[in-house]
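**Student:** To start, I am sharing the structure in question, which I have written as structure tokens.
The values are calculated or read from the model by the stated rules, or taken from the named source; none is laboratory data. Model, not experiment: these values are computed from the prediction. As a convention, Cβ positions derive from the backbone with ideal geometry for all residues, glycine included, and neighbour counts pool all protein chains shown.
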Amino acid sequence: MTQVEVWNADETLLHRVSVRHAVQMIWRGVATPVEVHATERIGPYRVPVVVRLVRYVEQKWLYSRTRATYSREGVLLRDRHRCAYCGRFTATTMDHVLPRSRGGATAWANAVAACEPCNLRKGDRTPDEARMPLRWEPYVPTRVQLHFARTTSPHVTHLTDSGKEPAR
Ligand SMILES: [Zn+2]
């Protein structure tokens, strides 16, 4: 999939994201389109080629490799409320991949977002025992990754009109 350039507020290139991610940033009001595709559309938006952040982001902080402090909310954010077992965006709970009762650690690498039914179904078993394979491997996110997850989370509904084209 083509990548969209993300510019800082001072128009320096920060990084590249997917079209979907860029549109979510526009929809959230954290970025505005600078350059758009002539014909392709995604929902009400022209497909962006370049977007610019509304607020200036300190690059030093952006590129820091600082690991995020572990938290239950952080796990849900990292996984964007997507259940690691069924893949639906309905996760409200956190599951220890290797259950705590079996010596599993309370840490990023042993924690995934899970919906309540999957969490209940899995219970005190490992994914293998429960025959519920993980859809991705949990990882330790950086603070920056969590920051971007927060600004594009579909669960944070803060609708603005910025970047949206007027209705015809
Ligand atoms: Zn689930």
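**Student:** Out of segment 130-142, which residues are in a loop (DSSP other than H, G, I, E, B), surrounded by 11 or more Cβ atoms within 10 Å (Cβ to Cβ) and not hydrophobic (A, V, I, L, M, F, W, C)?
**Tutor:** The answer is Arg135, Pro138, Pro141.
**Student:** Follow-up. Of the residues that sit in segment 91-129 and are assigned to a loop (DSSP other than H, G, I, E, B) and near the ligand (Cβ under 9 Å from one of its atoms), which one is surrounded by the fewest Cβ atoms within 10 Å (Cβ to Cβ)?
**Tutor:** Cys115
**Student:** Now for a different question. Select from segment 55-90 the residues that are modelled with pLDDT of 90 or more, touching a strand residue (DSSP E or B) at 6+ places or on another chain (Cβ under 7 Å) and either assigned to a loop (DSSP other than H, G, I, E, B) or more than 16 Å from the ligand (Cβ to nearest atom) (or both) and list them in ascending order.
**Tutor:** Arg72, Asp79, His81, Arg82, Cys83, Ala84, Tyr85
**Student:** Which pairs turn up if I take residues in segment 76-88 that are more than 12 Å from Trp136 (Cα to Cα) and look for partners that are near the ligand (Cβ under 8 Å from one of its atoms) with beta carbon separation below 8 Å, at least 6 apart in sequence or on another chain?
**Tutor:** Sorted first by the residue in segment 76-88, then by its partner, the pairs are Leu76/Ala91; His81/Thr90; His81/Ala91; Arg88/Cys115.
**Student:** Yes or no: segment 29-49 includes at least one residue that is among the acidic types (Asp, Glu) and touching a Pro at 6+ places or on another chain (Cβ under 8 Å).
**Tutor:** Yes - at least one qualifying residue is present in segment 29-49.
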